[in-house]
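We did not get these values from a lab; they are worked out from the coordinates using the rules stated. Predicted model only: the values in this text are computed from it and were never measured. Cβ: placed from backbone, ideal geometry, glycine included. Neighbour counts: every protein chain shown.
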Amino acid sequence: MNKSSRKKWILAGTSYIGFPLPAILNLSKYSRRRDRGKVSMLFAFIFFSSLSIAQTFKTTQLKCERVKTAYSEKWEMLQTELTKQKINKDHFELFIRVFKNDKIVEVWLKPKAEKEYKLSLLND
């Protein structure tokens, strides 16, 4: 297919293989500018929604009395452990392993960018 026939296909509103182009990809200059704004607004909405979901979860959890108590008692100790391991307190993952019969609690930490957890706290 040469260039001129490709232009005709695009101008006709069809892709190279004959499928119709989605309405959002209307190819006039005005539409492309308008659609670019729609797409960037969509990405901005998704990004800020994901931020608010995380904050909403924490806020919702802290309304429970037991969670609030555990957070106030343990957060300072966890922060010092994060500082020791040079892990950002806003970007980490936590894994807690409990052996109930042996009364052992293990706390494993890792930065979000890494793949493996490291044993941080062991409570016998």
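Contact map, the stretch 87-107: first residue at positive phi, second residue loosely packed, with under 10 Cβ neighbours inside 10 Å, Cβ cut-off under 8 Å, separation 6 or more or different chains; pairs are Lys103/Asp124.
Residues in the stretch 63-78 that are in a helix (DSSP H, G or I), of a type outside the set (A, V, I, L, M) and farther than 13 Å from Val107 by Cβ: Glu65, Arg66, Lys68, Thr69, Tyr71, Ser72, Glu73, Glu76. Give the number of residues within the stretch 112-124 that are over 13 Å from Lys84 (Cα atoms) and assigned to a strand (DSSP E or B). Going through the stretch 112-124 one residue at a time, the tally reaches 2. Here Asp90 passes the criteria (1) over 14 Å from Ser120 (Cα atoms); (2) assigned to a helix (DSSP H, G or I); (3) not aromatic (Phe, Trp, Tyr) except the one numbered (2).
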